[in-house]
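Read through the structure below, which is laid out as structure tokens, and then see the notes.
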Amino acid sequence: MQNRGRDTTDWLSALTIIGRIFIFVPIAVGLIQWIIDLTGKSPVDNEMIYSGSAMLIICGVATLIYVAVKRFRQGLRGEE
């Protein structure tokens with residue numbers, strides 16, 4: 001399949017940003033939820049939030065690993 005006008009570095013940079021968002025947003029939400037839990041007035045089911053956060057973090061790590069492999073392969077081929 002051809003990359004019609006799509007620059008590979010832009011595509012990988014976008015995936016890197018998405019992967020970082022998938023990792024750091026659930027951590028930030030978990031931190032906020034933890035602070036709310038300290039007050040004892042949490043209206044939300046914590047298990048649901050933590051399991052969803054774990055899945056997003058796993059997706060973020062998988063995305064960053066994919067980007068790392070693609071960049072490594074580009075480096076082996078000598079592409080910029």
#### Entry: Selection within the stretch 1-36 - at pLDDT 80 or above and among the charged types (D, E, K, R)
Asp10, Arg20
### Query
From the residues in the stretch 37-50 that are at pLDDT below 80, part of a helix (DSSP H, G or I) and of a type outside the set (Asp, Glu), which one is surrounded by the fewest Cβ atoms within 10 Å (Cβ to Cβ)?
Met48
### Query
Between a first residue in the stretch 48-62 that is in contact (Cβ under 8 Å) with a residue 24 or more places away in the chain and closer than 24 Å to Ala14 by Cβ and a second residue that is among the small types (Gly, Ala, Ser) and part of a helix (DSSP H, G or I), which pairs have beta carbons less than 7 Å apart while being 6 or more apart in sequence or on different chains?
Ser53/Gly30; Gly60/Gly19
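The values are calculated or read from the model by the stated rules, or taken from the named source; none is laboratory data. Treat the numbers as computed from the prediction; the structure is a model and nothing was measured. Methodologically, a virtual Cβ is constructed for each residue, glycine included, from the backbone with ideal geometry; neighbour enumeration extends over all protein chains shown.
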